[in-house]
Amino acid sequence: MRKLIAILAIVFAVSAMAADGKALAKQLGISASSKASKQWARVFEKDKKMAKFGIDKLGADDKAALKEYLMNHAADSDSPEAAGM
């Protein structure tokens, strides 16, 4: 039982430490609705394009979270990012 509690505590702590995509976008000064989802996909294909936005300095998990947020809230998505939100 103690092992299970310890494992759950570790999993929770690790997931809490990873930043969410919205916070990362804000930190980097990126607006999801400034590009279409296809354009964001192209940004993540090349290191040079990622470097332009500072994405290249992020870890793999943070890159994945940021990409998911940008794609889900791109200008052509079902729920684009609204100004001031």
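Sequence neighbours fewer than 8 away in the same chain don't count; with that in mind, list the aspartates and glutamates whose C-alpha is under 15 Å from Lys48.
The qualifying aspartates and glutamates are Asp56.
Would you work out the relative contact order for segment 19-85, in percent, from Cα pairs under 8 angstrom that are 6 or more residues apart?
Numbers: 82 pairs, mean separation 31.8, N = 67.
In percent, rounded to a whole number, it is 48.
FRET efficiency for Glu45 and Met1, Cβ-Cβ distance as r, R0 = 41 Å, nearest 0.05? Write out the running numbers ahead of the final one.
Details: r = 47 Å, r/R0 = 1.14.
Here the calculated transfer efficiency is 0.30.
Rule-based calculations on the coordinates, nothing more; no lab input. Quick caveat: nothing in here was measured; it's all calculated off a predicted structure. Virtual Cβ from ideal backbone geometry, glycine too; neighbours counted across all protein chains shown.
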